[in-house]
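*Asks:* Below: one structure in structure tokens.
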Amino acid sequence: MRTFDYTSPRTVDEAVRLLADHPGADVIAGGTDLVTLLRDGIRTPTHLVDVNGLGLDEVSWQPGGAVRIGALCRNAIDDPALGRAYPVLVKALRAGASPQIRNRATFGGNLLQSVRCPYFRLPEFACNRRTPGAGCAALHGDSRHHAIFGTSENCIAVHPSDCAVALLALDAHVLVQSTRGTRRIPVAELHRLPGRTPHEEHALRRDELITAVELPAGPFGAHSTYVKARDRASFAFALASAAAVVAVRGGVVRRSRICLGGVAPKPWRSTAAEEALRGRPLDDAVIEAAADAATRDAQTRPDNAYKVDLVHGVVRQALTELREQS
Amino acid sequence: MSIGTPITRIEAPSKVNGQAVYTADVQLPGMVHAVMVGSTIAAGRLRAIDTRAAESAPGVLAVLTHRNVPRWHGTPDDLHYVEPRFPLADTEIHYHDQCVAVVVATTREQAAYAAGLVAVEYEARPVVASLDAALPTAHEPVWRFEPLFPSVVEVGGPKEAFAGSAAKVDAEYRTPYHSHAPIEPNATVAQWERGRLNIHKTSQDVHGDRRIIAGALGVPADHVRVWSTLVGGAFGNKTTVWPHTLLAAVASRQVGPPVRLVTTRKQVFTGHGHQPPIIQHLRVGADADGTLRAIIHETTNGTPILFDDPEPTISPSASMYAVPALGAYVRVADMHMPAPALLRTPGDGPGMFAVGSAMDELSYALNLDPLELRRRNHLAHHPLKRKPWSGKQLLDCYALGAERFGWDRRAPRPRAMRDGDDWVGFGMSSAQRLEPHTAATATVAILDDGTAEVRTSIAEIGTGNLTTLVQIAADGTGVPVRRFGIVSGDTDLPEAAPTHGSRSTGSTGTAVHLAAQNARLAATRLAVADPRSPLHGLPTDRVGAADGRLFAVDAPERGESYQDLLRRNHVKAVTEEGHHDPNAKNQQFAFATFGAHFTEVRINRNVPRVRVTRHVAVFAIGRVLNPKTARNQAQGGIVFAAGQTLSEQLTQDPATGLFVTPAFTDYHVPVHADVGEIDVSFVEEPDYNAHPHGAKGLGEVVCVGVHAAIANAVYHATGIRVRELPITPDKLARLVRESG
């Protein structure tokens, strides 16, 4: 049998020590993604470090208004204060997966989930992300779901997380720990573009563990929303999604974040859309211009050119909702 | 009377409390496990296969490949096996995930692990991975067995009639690979006992399966017993014997103990049936008043390399509307794809998508209400059989459906109804499904303990047929439903009609109806001949039955219970058989079930996903045996077809022919949030010409026309005519910019 050691540490120090000592170790939390990858032989760890006994499941408000969400908080999190301060985050979480999966899936695991590209998930196909240098079968395959931003000739898969798109729009950080200590990584820098190394999915070092996600203090974030286009009403990954945060003062947009999901190998920030909003009133023409700007520089393939229109649509929908709320 | 009452399914409690047994739940002493290894190419041959590592893995008892699989008996064609090649018969690879080896081990985990150790070297060959790529090979089908429908129908000079028509539609409609996607994976448990074979399998037809299994294994049929316990979703994919069943049987014969083989979720999608991709070219011509002049329907479906398997999509064009000139042409094109299986609803499902869409397009060309166009072309008789339809209350279905839906609120032009950010559209379609007749046998036993029992080999696939058969038997004998049992799903029982093609109610139901009448008559004869019976001396036709009791029709207080009668006479049970003879139907008529679908869709201009918010359906199926199970089956069928219309698609990689969506993650069946309000009604008139109990099949007609009704509503909402299913957001994405 393909065996692995399984350890269930009681402290973070113990967990990161295990990660340091076992180069072939994987972390398991909710297991909603990893278990399927293990079953299909896509991941073959020598060691599983089960972090479910570490606590790390509290939402704690910091002096000054920032909030720290433990890495093991479940995606089903139901915290009214969080919903008021960061509507985009709660909406993104509710838009993801199914209630059963949200009850299991954790914040840390959600951020580090693998791509859903079938060419990655089915061992029959060549995949650079799975086996460096093997080639990318998706390039000549069915690309309806694939990325229109940030791709390379080595990988065109999209990052599947809804939550990460909202966290990017909120300028969140992840807190990580290793035997060497702790550090903070901006969510914007957590995921990597494929470039020549699509197998290097994120900026975490092999022995580092996410312990929390930290959101900056409001009020930026309170006026926000998340819109997701998908193939059915629920339980489907995004074809395109938009997380929008705007701060309107004196009738014009002072600051905004427009981030896209389902269209790039990482949560994708559209500075062009933000630029189109800055200093302008949130009216139909400006919303249209921002939605249009969000699609700028898209690189499409025949099967996924439609995503340009969907990006336009979800950004327009998100900004229209925010205008109607203000 | 129990017929017509909304009785809850008799097996429902066992499904809720966990006592229900499905095939993969069957536990036999000493049972071991088998796992199939599938090919990772779709076209080519095995160059080498190395099983040494697998054979020496822990717990492994045997590895079967083409080198050591026992010789099969008979030929696939003689046995009507699912494909013309038995499993592991040679080194050729014709489709993705084709079984190349079977690993048998003490536990399923050991077998699965060792399956991964089987090293296969392939010689790949050029692959035909899409229907478009296959079109150069399109040809008239060569039937493997007796033809079920003609490949060419030409009546009345269709080309000339079309050319001379005042209004014309000329369009191509496409449907993708659709999977059955049952929740329960296909499974088999095989056990040999002194040369006799016991098979538990996921089956819609145990007797049909037994003939194939016995033939392939070279065992007399009466040495093989097949059980099908409750089936967890079938939709046609359990109508036949797949490789895993034969392989489990030979594996068990080789290793000794019983073998369980449960297919993986991926294998259910790759190798256990689907409806193939289909391209239908429709040309429809009409006079300016909407009177149809011509329909030319050319259909081409993908077929496996090894045999031709035409999909009967021409069914609706050849039987639905009054058209004097008809041309229907069936072709197939060779692809590297696994064997298809009948998928609810074969032919009429995809066929009515095309015909119902083309009728809608014609209605806009004529500036005529699509419902009115259908009314004007209503048919009272089967056009090819030249017999009147029996029980065709289709015009009543149209009228009732239109009223319940509020069809009169429909704007005549497309993209004219808007509610906030939603485009709103109405669409409709007719529904029709021919009513089949198949031989069926059942027995009904009235027992001396006051209970009674139906015995027939029918499989319960989730439709409620055990319940409706008991209702028929209860009314036929006068023994109440609560005292009735039913034994089913076993070849030791009288042979039912297969549980597919809407045959249960009509054919098996008739057998039960006749068996119940015969049992009651036998008991009545016993009573009137018995001097101790209060009914002694009465003519049998003056004796009634109700509440478990026989009584004098003219003096109901005079009578006695079956229990008293049987005990006094020392008769344990009165058991009688009923047989449905397919030729017993009234030959003057043609038979079908009918209906109408009305759908409202809403499509947000920014997030252009089709939401079916309201669906009204009305069916004419003769007598409704059980309003609760009937409504449930209708709603389920509408959701089933809506999924095929909007989100389901089994995608093949265009370069390799490998399936890229063989999982529920990617093969999107509807979730609860997708299901809007579904209003189901029946125009109920017993059809005694069809069957003596007046009821007809329901399971398939409910799906027919749903695809077209939704697609037509999408056009009405948006002005975008989508002629290729599924209607996913990408096909409506341009709506975002067009409705800014």
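The values are calculated or read from the model by the stated rules, or taken from the named source; none is laboratory data. Worth saying up front: this structure is predicted, and the values here are computed from it rather than measured. Glycine also receives a Cβ, built like all others from the backbone with ideal geometry; neighbour counts cover every protein chain displayed.
*Asks:* Evaluate the following for A:V311: is it within 20 Å of the chain's Cα centre (by Cα) and under 22 Å from A:P198 (Cβ atoms)?
*Replies:* no
*Asks:* Would you say B:T629 is polar (S, T, N, Q), crowded, with 21+ Cβ neighbours inside 10 Å and away from chain A (no Cβ under 14 Å)?
*Replies:* So B:T629 passes the test.
*Asks:* How about the stretch B:277-307: which of its residues are over 19 Å from B:P147 (Cα atoms) and among the hydroxyl-bearing types (S, T, Y)?
*Replies:* Hit for the stretch B:277-307 is B:T291, nothing else.
*Asks:* Another question about this same structure. So, restricting to helices (runs of 4 or more DSSP H) that lie completely within the stretch B:65-148, which ones have at least 3 residues that are modelled with pLDDT of 95 or more, within 14 Å of chain A (Cβ to nearest Cβ) and closer than 30 Å to B:P257 by Cβ?
*Replies:* Those helices (runs of 4 or more DSSP H) span B:108-115.
*Asks:* Restricting to the stretch B:79-107, what's the tally of residues that are acidic (D, E) and under 20 Å from B:A341 (Cβ atoms)?
*Replies:* Result for the stretch B:79-107: 2.
*Asks:* Which residues, counting only those in the stretch A:81-104, are touching a residue at least 24 places away in the same chain (Cβ under 8 Å), more than 12 Å from every other protein chain (Cβ to nearest Cβ) and not in a loop (DSSP other than H, G, I, E, B)?
*Replies:* A:R84, A:A85, A:P87, A:V88, A:L89, A:K91, A:A92, A:L93, A:R102, A:N103, A:R104
*Asks:* On to the next question. Pull up the stretch B:286-339, narrow it to residues that are acidic (D, E) and part of a loop (DSSP other than H, G, I, E, B), then point me to the one that is surrounded by the most Cβ atoms within 10 Å (Cβ to Cβ).
*Replies:* B:E311
Residues are listed down the side, and each one gets a yes or a no for (1) buried (at least 19 other Cβ atoms within 10 Å of the Cβ); (2) more than 20 Å from A:A95 (Cα to Cα); (3) in contact with a helix residue (DSSP H, G or I) (Cβ under 6 Å, 6 or more places away or on another chain):
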{"residue": "A:R184", "(1), (2), (3)": "no, yes, no"}
{"residue": "A:P194", "(1), (2), (3)": "yes, yes, no"}
{"residue": "A:A203", "(1), (2), (3)": "no, yes, yes"}
{"residue": "A:L209", "(1), (2), (3)": "yes, yes, yes"}
{"residue": "A:T225", "(1), (2), (3)": "yes, no, yes"}
{"residue": "A:A229", "(1), (2), (3)": "yes, no, yes"}
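*Asks:* Residues that are more than 36 Å from the chain's Cα centre (by Cα) and either crowded, with 24+ Cβ neighbours inside 10 Å or not assigned by TED's automatic domain parsing to the domain that holds B:G208 (or both): does the stretch B:472-493 have at least one?
*Replies:* no
*Asks:* Let me ask something else. Would you say B:G636 is assigned by TED's automatic domain parsing to the domain that holds B:H707 and in contact with a strand residue (DSSP E or B) (Cβ under 9 Å, 6 or more places away or on another chain)?
*Replies:* Answer is no for this residue.
*Asks:* Name the residues in the stretch B:180-217 that are on the phi > 0 side of the Ramachandran plot, touching a helix residue (DSSP H, G or I) at 6+ places or on another chain (Cβ under 8 Å) and free of Cβ contacts under 8 Å to residues at least 40 places away in the same chain, would you?
*Replies:* B:G195
Each row is one residue, and each column tells you yes or no for (1) of a type in the set (S, T, Y); (2) surrounded by 18 or more Cβ atoms within 10 Å (Cβ to Cβ); (3) outside the structural domain of B:G420 (by TED's automatic domain parsing).
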| position | (1), (2), (3) |
| --- | --- |
| B:S507 | yes, yes, yes |
| B:L514 | no, yes, yes |
| B:A522 | no, no, yes |
| B:T540 | yes, no, yes |
| B:E600 | no, yes, no |
| B:V607 | no, yes, no |
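*Asks:* Which condition number does B:L64 fail, the rest of (1) closer than 19 Å to B:T188 by Cβ; (2) surrounded by fewer than 15 Cβ atoms within 10 Å (Cβ to Cβ) being met?
*Replies:* All conditions are met except number (2).
*Asks:* Right, next: Before we move on, is B:A54 surrounded by fewer than 16 Cβ atoms within 10 Å (Cβ to Cβ), at pLDDT 95 or above and assigned by TED's automatic domain parsing to the domain that holds B:D205?
*Replies:* It is false that B:A54 is surrounded by fewer than 16 Cβ atoms within 10 Å (Cβ to Cβ), at pLDDT 95 or above and assigned by TED's automatic domain parsing to the domain that holds B:D205.
*Asks:* If I ask for residues that are among the charged types (D, E, K, R) and surrounded by 23 or more Cβ atoms within 10 Å (Cβ to Cβ), which ones from the stretch B:174-209 would you list?
*Replies:* Those that are among the charged types (D, E, K, R) and surrounded by 23 or more Cβ atoms within 10 Å (Cβ to Cβ): B:K201, B:D205, B:D209.
*Asks:* (1) in contact with a Ser or Thr (Cβ under 9 Å, 6 or more places away or on another chain); (2) under 30 Å from B:T5 (Cα atoms); (3) within 14 Å of chain A (Cβ to nearest Cβ): which one isn't true of B:V639, the others all being true?
*Replies:* (1)
*Asks:* Which one of these does A:P302 not meet: (1) out of contact with any strand residue (DSSP E or B) (no Cβ under 6 Å at 6 or more places or on another chain); (2) at pLDDT 95 or above; (3) more than 10 Å from chain B (Cβ to nearest Cβ); (4) surrounded by fewer than 17 Cβ atoms within 10 Å (Cβ to Cβ)?
*Replies:* (2)
*Asks:* Here's something else I'd like to know. Does B:G697 satisfy the criteria of being more than 10 Å from every other protein chain (Cβ to nearest Cβ) and surrounded by fewer than 24 Cβ atoms within 10 Å (Cβ to Cβ)?
*Replies:* Considered against the rule, which asks whether it is more than 10 Å from every other protein chain (Cβ to nearest Cβ) and surrounded by fewer than 24 Cβ atoms within 10 Å (Cβ to Cβ), B:G697 comes out as no.
*Asks:* For the stretch B:493-548, give me the residue count where each residue is closer than 14 Å to B:G478 by Cβ, assigned to a loop (DSSP other than H, G, I, E, B) and not charged (D, E, K, R).
*Replies:* Qualifying residue count for the region: 2.
*Asks:* Sort through A:A95, A:A147 and tell me the only one that's touching a Lys or Arg at 6+ places or on another chain (Cβ under 6 Å) and at pLDDT 95 or above.
*Replies:* Unique residue meeting the criteria: A:A95.
*Asks:* When the residues of the stretch A:1-37 are narrowed to those that are more than 14 Å from chain B (Cβ to nearest Cβ) and polar (S, T, N, Q), which ends up nearest to A:L56 (Cα to Cα)?
*Replies:* A:T11
*Asks:* Name the strands (runs of 3 or more DSSP E) wholly within the stretch B:393-468 that hold at least 1 residues that are under 24 Å from the mean Cα position of the chain (by Cα), farther than 27 Å from B:F598 by Cα and of a type outside the set (D, E, K, R)?
*Replies:* The strands (runs of 3 or more DSSP E) meeting that bar are B:440-447, B:452-455.
*Asks:* Moving to a separate point now. So if I check each of B:E738, B:E724, B:E677, B:E685, which one is at pLDDT below 95 and either surrounded by fewer than 24 Cβ atoms within 10 Å (Cβ to Cβ) or within 14 Å of chain A (Cβ to nearest Cβ) (or both)?
*Replies:* B:E738
*Asks:* Further question on the same structure: Taking only the stretch B:562-608 into account, find how many residues are in contact with a helix residue (DSSP H, G or I) (Cβ under 8 Å, 6 or more places away or on another chain), within 30 Å of B:L698 (Cβ to Cβ) and either among the basic types (K, R) or in a loop (DSSP other than H, G, I, E, B) (or both).
*Replies:* 1
*Asks:* Residues to consider are A:A247, A:A273, A:A264, A:A243; find the one that is under 22 Å from A:P186 (Cβ atoms), surrounded by fewer than 21 Cβ atoms within 10 Å (Cβ to Cβ) and more than 14 Å from chain B (Cβ to nearest Cβ).
*Replies:* Of the residues listed, the single one that is under 22 Å from A:P186 (Cβ atoms), surrounded by fewer than 21 Cβ atoms within 10 Å (Cβ to Cβ) and more than 14 Å from chain B (Cβ to nearest Cβ) is A:A247.
*Asks:* From the list B:A216, B:A248, B:A234, pick out the single residue that is part of a loop (DSSP other than H, G, I, E, B) and within 29 Å of B:G657 (Cβ to Cβ).
*Replies:* Within the list B:A216, B:A248, B:A234, the selection yields B:A234.
*Asks:* Checking B:L658 against (1) within 8 Å of another protein chain (Cβ to nearest Cβ); (2) at pLDDT below 95, which test does it fail?
*Replies:* Unmet for B:L658, out of (1) within 8 Å of another protein chain (Cβ to nearest Cβ); (2) at pLDDT below 95: (2).
*Asks:* Do you know which residues across the stretch A:105-139 are not in a loop (DSSP other than H, G, I, E, B) and not hydrophobic (A, V, I, L, M, F, W, C)?
*Replies:* Selection gives A:T106, A:G108, A:G109, A:N110, A:P118, A:Y119, A:R121.
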